[in-house]
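Single-structure report; data block below.
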Amino acid sequence: MHALISPFSLSDASEVVVCASFYPFQTHCGAYEMSQMAKSAETLRRHGLSLLRGRAVLVTRTRAGPLEPPPTSPPVPRWKLIRPQKKTVITSEPQKTPLPKPEQFIEVASLYFFNRFKNKSGSLSGLETELSSTVKGSCTSLMPISEKEDADCQEFQEPGAAKCNSPNNLQKTTVSVEDIKKDSDNIPNDDSVMAEKEPATKEASADVQPLLSRTWLDLADFVKCFKHLLVFHKPHFYPHSSQRSCFKCPMIRREYYLCIDTPQPSQTLISFSALLFWGEESEKKQEAVLTILPHLWTSMQAQMPVFIIKTTCCKAAVLNLPKGRHLMVVHVRAPVGYHVLLCSKTPLSFEDEETAMAEFTKESACFTEQAIAIYGALSRVAASLGDEQKLPALRETLKKAHCPINHSTTLEEQQHHKVFGLAVNHMVREALRRELTPDERFAVQVLTQSSDAETFSQTLKDEKQTSSDVQAALEENLEPAVLNASEPGTKENLNAAEILSDMWPKIEADTEKHAAILYRYMFDNSEEKAQLYPSLHKEPPRIFFTDFSVPLRETADFWEMVFREVFLVPRKMLLAVKVFSPVRNVLHVINNDTGEEVKLLFTKVPPRVFEPNKSGYTFVAEVWKPQSLPADAKWKMVLIGTEEPLPKMSRETPLNAFSVKKFQEYYIPNKKNLICRYLVQVRAETMATVQFQTSKSDVVIHLSILDQDKEEVANTGRGHVMIPLFHFLLQRDSTQETSQQRLRTDDAAGEADSDQPPLHTLEHKYVVQAQVLYGSWPLDKSELTFANMLKDKEKKEMRAPDRPPDELQSSRKAERDGKKGKSAAASTSGSKQDMSFDLTKPHWILRVVTEKTKTESIEVKKDTERSDEIRAIKNSWEKLEPGRHAKSLETRPRFLNRPLNEADDETTSDKNKDPAAPTCDPDPCSPSEDFSDTLPDFSHLLRGQTGSSKLTDSQKEEERDKELIEKIQTYQCVRESFLEKHKQYASDRRELVKQQLEMYQNMQEERQKSLNAFKEGYEITVLKKVKQPSKDAKKLEK
């Protein structure tokens, strides 16, 4: 490209350079591509170019007329104008007037023009002859060149050919002045575009000549010859530019935010360069993509992309946008690296999301321009309030500025005018920072020719009034004094003008701010903003945002709750929540009044309208941290709204440290699908977060909090589940409750007018429970063996009846922790994970998170109520019969190891000897009973399997026979009723078939009758017509 432009110095007025490229020469291609290459090569050869030397050509000019003006036709004699004869063409086909072909030509320049070929007869073709007369590239002596010869060698080796092809000998046909002016309007001519470079010395300037040759191509031939247009832009021509690049492997995905705010349509040149893999990996399909989509923080509506670039090397395109403010997100994806360059004549911002948010806190350029226009018209009216000649025209200008459209009704126009009066009143109050005096309020009314702002605001708030009532109120509110003061020259007018002249310098101290206040009030309170301000209505709105950040700490636990705060919403507003974090995170929002959680869109909180409530909304954030965190890592939440004030936090600074009670155990399956049950004892009212996770990621978990075995709140998840917020109420003492109840009942009995029943305070018994759903946690053989071993160990611990439960629990934990002295309390509240715990086995983790100041207000321990009851029963047995436990341990193995026949004989003999003797129940915690839980059930495959064999007598046999006979009779009755119904159904179907056949026969008979009647009628009419002529003939004969 440098070789094409180097001989010339393009003028500064030309912003771009346009080049055209040939069809690529390929030997292995399809039939269609081959035909396109053949047509292109033939057309290029006619114009002195070759497809084999496929260099890009420079597109310089275009024209839509002939190079020479057409010859004028001789004047027609006057006698031929009298009754001119029209030429008639006799043809059977419809005549169509042939349309003249439009003259559309494009001028191209190149270094590689060569002499045109001659045909077989030795003379130039007709097309070449025509071109030689119009194109400025003909020579005095042409030398024939073979197609197989190298044209480059001939051009530079033979002096005659070089002389013939020099630009001084080419293009010497004359061009009219009008055509030159026309061409200069479109694209600069040869003198401006293709001027020679300034030589170093005067002697060299005489010898240096331009190297590029030019020719004109018809538009149809241009399309056949060239496939692509290459547009080269001058970077220094664009005052605003921005660029981003990244080099990283593997695949890179980035997103940037493009902000453009201009009152005029804009064009942005976007250049996208990509770096792909090379070597063996280059054989894979690789492509870099740049996509631009419209973006809006307060909406989750999907938008179609407005701009896409796909390339494997480098590509550029122009993004055209209408006037206004635009926010777009730019998604970039490249295999190894990329570079993005943006150039524009208008200001732009191509930064990250946080920088883009700061840009949208200001008013847009169109908004500011319109606001300043309205404010300027209002200032001119205020300055010329006493000028009788200028005031009417200035008021009309002001009306067109703040009301650019004509209203359909008078009422709408009056309402808009009153809103404008309220806006001016609001602007003046904000500028003076105080309430207006009666005289100042009257002066503002005279300026805007509107009624009192307070009276009209009350009129607008009354939504039940009809249109006629509102119109009458508007007319009544406009006082005669205001009308009198609006006329120039009156005393009231002079006083109003003097008051305005005193107030206006304070307003003009900050013109842009006060103009924005005026226009923003009108825009927010106007009911017809879409019709009055269509461009502003479609723009992304101005936003207000506030951020809250907490640092991320490196801890041994990979899960952590980093944020939990209550926000108070002052009024109904649209809010969007944006989270910036270097690690994976999820944000939960809970309505404290109802306890409901805002539904998430995937893992994000969608923009929604927040209603004001009493207790506010709690925002809870959880993160999953990697092994190493980046330096100064922070979790940041941004609240985005379209109006102020935004929700405020209940405390000044957010907490970043919490107390975590952590419980980690192995998973042991059971019949009830329970994973764990933990009892929560509350010493003071506290707010807690409960989190549960399993070692297997696809386990469906149901986590719930029970109060007196009634489910208060629950949540279901897969591999991880969380209850973001739960209020644990204080658990009162039973003696206090009885005394309070007595006091309340006494007071209620003493009051004669009180009919309310006494209040009863309930005890709270909170239990955290986790369950496996749908059998989603199966265990393999080794895991099942490990679970059975743990189950047997627990049962052995429960056999000792005299040991208290706390001692048993501490002994189990000491055993499991490898005798490191780790107690139950030390295993909770965020301690480091014990190295003896095998993380490869199926396990689960339960966390209860509270504030550090309320660590002692809540206690969580394992629910051992059922095991304590069993142990209490055993202790009672041991007290009644000392040595019962030792005796059962001795007799039970012997009883289980005896043959089955001997055991049956002994049991029958014991029953015959002493039928009233008490029997000793087996130990309910023995491992043999629960071992069958892990084995499959084969009962349906065994025949005659019962609990024990029973002897029958004649009475039992009779009862059994009666039951069998009753079953047989019941079956026969059911069968007979079914057969009767089946016979009835079959008879009904036969009757229906007979009825359909009869109906069909009747329809055929009626059809035949109607057909016969039609034939008879037709024959009668035909005979009448035949007989009528014969009668007429006879009458004529007579």
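In this Cβ point-charge picture (+1 for Lys and Arg, -1 for Asp and Glu), segment 239-359 has a dipole of about 300 debye about its Cα centre. A dipole drawn for segment 609-671 from +1 and -1 charges on Cβ atoms has a positive end, and of Ala631, Val660, Val609 the residue lying farthest that way is Val660.
With a simple spin-label model that places each label point 7 Å from the Cα along the Cα-to-Cβ direction, the separation between Tyr1000 and Asp547 comes to 8.4 nm. Plainly put, segment 324-407 has a radius of gyration that is 1.27 times its Kirkwood radius, both from alpha-carbon atoms, as the Rg/Rh ratio.
Computing FRET efficiency as 1/(1 + (r/R0)^6) for Leu219 and Glu354, where r is the C-beta to C-beta distance and R0 is 60 Å, gives about 0.75.
Past 21 Å, Cα to Cα: identify those pairs from Lys625/Lys696; Lys362/Lys513; Lys671/Lys861; Lys39/Lys96; Lys284/Lys310; Lys796/Lys887, in the order given. Exceeds cut-off: Lys671/Lys861; Lys39/Lys96. Each Lys or Arg adds one and each Asp or Glu takes one away; over the other residues whose Cβ falls under 11 Å from the Cβ of Ser21, this sums to +2. Compared with the alpha-carbon gap, the fully stretched path from Leu52 to Ser35 is longer by 4.6 nm at 0.36 nm per residue. Both radii were evaluated on the Cα set of segment 496-582; the Rg over Rh quotient, with Rh as the Kirkwood radius, amounts to 1.20.
Once the Cα-Cα distance is subtracted from the 0.36 nm per residue extended length, the Leu229 to Asn670 segment shows a gain of 151.4 nm.
Fewest neighbouring Cβ atoms within 10 Å first, the residues Ile252, Ile372 line up as Ile372, Ile252.
Once backbone amide H atoms are built at 1.01 Å from N, Glu351 has Tyr257, Cys259 as its partners under 5 Å, excluding neighbours fewer than 5 places away on the same chain. Taking the average, over residues, of other Cβ atoms within 10 Å as the packing measure, peptides 239-248, 699-708 rank 699-708, 239-248 from highest down. Roughly speaking, what is the stretch gain from Asp593 to Ile870, that is 0.36 nm per residue apart minus the C-alpha to C-alpha distance, in nm to one decimal? Separation in residues times 0.36 nm, less the Cα-Cα distance, equals 95.5 nm.
Between Arg884 and Ala714, the modelled label-to-label distance comes to 3.8 nm, taking each label 7 Å out from Cα in the direction of the beta carbon. Eigen-decomposition of the gyration tensor built on the alpha-carbon atoms of segment 239-359 gives equivalent ellipsoid semi-axes of 27, 15, 13 angstrom, largest listed first. With neighbour counts taken as other beta-carbon atoms within 10 Å, the residues His720, His28 rank, fewest first, as His28, His720.
Candidates Ala317, Ala274, His339 compared by Cα position along the dipole of segment 255-352: farthest toward the positive end lies Ala317, with charges placed on Cβ.
Sort Val329, Val57, Val589 so the one with the fewest other Cβ atoms within 10 Å of its own Cβ comes first.
Val329, Val589, Val57
Protection proxy ranking, highest mean first, for peptides 670-679, 86-95, 970-979: 670-679, 970-979, 86-95, where packing is the per-residue count of other beta-carbon atoms within 10 Å, averaged. The simple Förster model, with R0 at 25 Å and r as the Cβ-Cβ distance, assigns Lys696 and Leu629 a FRET efficiency of 0.40.
Every read-out reported here was derived from the displayed coordinates using simple, explicitly stated rules and does not represent laboratory data. Model, not experiment: these values are computed from the prediction. As a convention, Cβ positions derive from the backbone with ideal geometry for all residues, glycine included, and neighbour counts pool all protein chains shown.
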